[in-house]
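The values are calculated or read from the model by the stated rules, or taken from the named source; none is laboratory data. Here the structure is a predicted model, which means the values were calculated and not measured. Cβ: placed from backbone, ideal geometry, glycine included. Neighbour counts: every protein chain shown.
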Amino acid sequence: MKKLGLSKPEKETKKAAKVEKKRVSSKSTDKSKTKEKKIVSDVCKPKMVLSTFFLFGMENRKALMKETPDLKLTEVAKKNGEAWKKLTEDQKKPYEALHQKDIKRHEKEMKEFNELGYYTNAEGVKSTFMDKKHRVQEFKIGTVMPK
């Protein structure tokens, strides 16, 4: 009766391959030990700059939702992309101007953030009163309230 399975030389080569894999993985873990850990902070950094397409998409989405309120998110994104491709350079200029304004806002907020450790957004709210998702809190983060 024949035995099913691998012959002795085939088994040995598979074992050698496993040992090789183990050696490689042990080397990669050594590198991770030497890397510095990321410092996670509770600081609210300024929002990133919005691209011209995103500025257009936010405005165009309102019009699309008025026309057909039952559109899914993916369908809205597809229609925004199609509409953006149809725009001429002259029609894109207002969004480019908004983009440049947003770049200036971001630079101003980042400069203030790097100098002081906090920034004041366009609405006049300090970043110390916002959480990471830029929602305004009633009290500064870390405030201990009496019971």
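Within the stretch 3-11, does at least one residue satisfy the condition of being surrounded by fewer than 11 Cβ atoms within 10 Å (Cβ to Cβ), at pLDDT below 70, of a type in the set (S, T, N, Q) and assigned to a loop (DSSP other than H, G, I, E, B)?
yes
Identify the single condition in (1) within 22 Å of the chain's Cα centre (by Cα); (2) assigned to a helix (DSSP H, G or I) that ALA122 does not satisfy, given that it satisfies every other one.
(2)
Just for the stretch 51-95: of the residues that are among the acidic types (Asp, Glu) and in a helix (DSSP H, G or I), which one is modelled with the lowest pLDDT?
GLU67
Specify the residue that is surrounded by the fewest Cβ atoms within 10 Å (Cβ to Cβ); the eligible residues are those in the stretch 125-147 that are of a type in the set (S, T, N, Q) and part of a loop (DSSP other than H, G, I, E, B).
Taking the candidates together, the pick is THR143.
Just for the stretch 113-124: of the residues that are surrounded by 15 or more Cβ atoms within 10 Å (Cβ to Cβ) and out of contact with any strand residue (DSSP E or B) (no Cβ under 7 Å at 6 or more places or on another chain), which one is nearest to PHE56 (Cα to Cα)?
This residue is ASN121.
Where the second residue is outside any helix (DSSP H, G or I) and polar (S, T, N, Q) and the first is touching a residue at least 12 places away in the same chain (Cβ under 8 Å) and within 12 Å of LEU55 (Cβ to Cβ) and lies in the stretch 86-108, which pairs have Cβ atoms under 7 Å and are six or more apart or on separate chains?
HIS99/SER51
For residues in the stretch 40-77 being among the basic types (Lys, Arg) and surrounded by 12 or more Cβ atoms within 10 Å (Cβ to Cβ), which is nearest to MET130 (Cα to Cα)?
LYS45
Quick one: in the stretch 117-147, which of the residues that are free of Cβ contacts under 8 Å to residues at least 40 places away in the same chain and of a type in the set (Asp, Glu) is nearest to PRO46 (Cα to Cα)?
GLU123
Any residue in the stretch 58-79 that's within 23 Å of LYS92 (Cα to Cα): show its pairings with residues that are of a type in the set (Val, Ile, Thr) at Cβ separation under 7 Å, as long as the two are six or more apart or on different chains.
ARG61/VAL76; LEU64/VAL76
Hey, LYS140 hits all of (1) basic (Lys, Arg); (2) modelled with pLDDT of 95 or more; (3) more than 22 Å from the chain's Cα centre (by Cα) but one; which does it fall short on?
Failed condition: (2).
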